[in-house]
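Each remark here refers to the structure printed beneath this line.
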Amino acid sequence: MKKQIILIASIVFLVAACQPQAEEGSLEAKQQELSEKQEELSKLKAEITALEDQIAEMDTTQPERQARVEIREIKPAKFEHFVKLTGTVTSKENIMISAETSGRVEAIPANEGQKVAQGTVLVRIENDAVANQLQEAKSAFELAETTFRKRDNLWQQNIGSEIEYLQAKNNFETAKSRYAQVQSQYNNTIIKAPISGTVDNIVVKQGEFVNMGREIVRVVDLERVEIEAELSEEYLPAIHRGDSVKVEIPALGITRMSPVTFVSQVINPDNRSFKIKINLQNRDGRIKPNVLANLLIRDYQNEEALVVPSQCIKKDLKGDFVLVSSTEEGETVAKKRYIQRGKSFGDKTEIKGGLEAGDEVITVGYDQLNDGDPVAIQ
């Protein structure tokens, strides 16, 4: 190496001697001197690098560079798995009332958005003709009832003929039936709230003619609503009435826990699913029918599970593995440990085999590690 340096220096000297010399102290002289110094520095750096590489190969006492990692000791812990699905909010009391008779809308005492009690009159259909018939039927009924009572009293005293008694009884029963029939027709012209709730929609207008069966008004009770959802039949053994469910309604920013109130035991043959229902209290009426809700239903739990962060699990041709911290000959190294995965939820995965309580899994810095690489635990 020393001979090579002397030879290079001699060549540089000869080349410099053959070149025309610039005047001492001139700009050209300074530039030429700078160029020579830079060339010498570049050659010196190359020689230093070569020497460092040679020393690194020959010196076996120099410690290897260690990767800095973080670890987590595996301990038994509770693990839960949840099923995520979307359901639709429905009202338990959501009734569209239809006309039970034909006629013209005479009055609409109720207003949309009005809270009403059960039996409150919502819409009146013109009923003058029916009202007259009702008055006639009532009078005929009262007369027939009085006549029958008198005939019955005489008959009990063996006074009068049997035919007169039977005619009075028949007239009474006929008049009673007629009166009840007309009373029902009259009642059909007065549309009342079948439940306590809120008038959600009035379909008709005053003066409009409606036919029997025409939709008139909707009444909704929003104090109690329910969510309906469908699950695959594979979850049927895991879901029970009373199980707690996390309910999220993103549109309203509502999150709450509610129990499962209904689990169907019948499987839909079209999609192999079954229906569940969850009741919700809604006293302020914020939750509206048909709004979408997200459900988080627990279908599995293990109180003594070994759990690792899901991102720590890697895979090769042999299967899933994690890197654990191990001590070999007094040195801390990363060791590959093949595992059997269980269920995963969120950023956690249950380990069914391959790890034991007390193992130290590398959770930070595992990306660039190979089996047996030395590590420094932070």
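The values are calculated or read from the model by the stated rules, or taken from the named source; none is laboratory data. These figures come from a predicted structure and were not determined experimentally. Cβ: placed from backbone, ideal geometry, glycine included. Neighbour counts: every protein chain shown.
Of R241, R224, which residue is in contact with a Lys or Arg (Cβ under 8 Å, 6 or more places away or on another chain), among the basic types (K, R) and either modelled with pLDDT of 90 or more or on the phi < 0 side of the Ramachandran plot (or both)? I'd like the intermediate steps shown before the answer.
Values: R241 fails: in contact with a Lys or Arg (Cβ under 8 Å, 6 or more places away or on another chain).
The match here is R224.
If V83 passes every condition in (1) within 30 Å of E248 (Cα to Cα); (2) at pLDDT below 85 but one, which one does it miss?
Every condition holds for V83 apart from (2).
State yes or no: is V291 of a type in the set (V, I, T) and over 27 Å from K246 (Cβ atoms)?
Numbers: of a type in the set (V, I, T): yes; over 27 Å from K246 (Cβ atoms): no.
Answer is no for this residue.
Give L134, L85 a once-over and let me know the one that is surrounded by 14 or more Cβ atoms within 10 Å (Cβ to Cβ) and either assigned to a strand (DSSP E or B) or in contact with a Pro (Cβ under 7 Å, 6 or more places away or on another chain) (or both). Show your work before the answer.
Working: L134 fails: either assigned to a strand (DSSP E or B) or in contact with a Pro (Cβ under 7 Å, 6 or more places away or on another chain) (or both).
Residue meeting the stated conditions: L85.
Looking at segment 303-328, which of its residues are modelled with pLDDT under 90 and of a type in the set (S, T, Y)?
Answer for segment 303-328, where residues must be modelled with pLDDT under 90 and of a type in the set (S, T, Y): S325, S326, T327.
Could you grab me the full set of residues in segment 252-271 that are touching a strand residue (DSSP E or B) at 6+ places or on another chain (Cβ under 9 Å), surrounded by 12 or more Cβ atoms within 10 Å (Cβ to Cβ) and part of a loop (DSSP other than H, G, I, E, B)?
S264, I267
Which members of segment 104-135 meet the condition of being acidic (D, E) and either closer than 16 Å to I216 by Cα or in contact with a helix residue (DSSP H, G or I) (Cβ under 8 Å, 6 or more places away or on another chain) (or both)? Show your work before the answer.
So the first thing to find is which residues in segment 104-135 are acidic (D, E), and the list is 106, 112, 126, 128.
Answer for segment 104-135, where residues must be acidic (D, E) and either closer than 16 Å to I216 by Cα or in contact with a helix residue (DSSP H, G or I) (Cβ under 8 Å, 6 or more places away or on another chain) (or both): E106, E112, E126.
Condition check: over 30 Å from A251 (Cβ atoms) and touching a residue at least 60 places away in the same chain (Cβ under 8 Å). Does R151 satisfy that?
On the way: over 30 Å from A251 (Cβ atoms): yes; touching a residue at least 60 places away in the same chain (Cβ under 8 Å): no.
Here the answer is no, as R151 does not meet what is asked.
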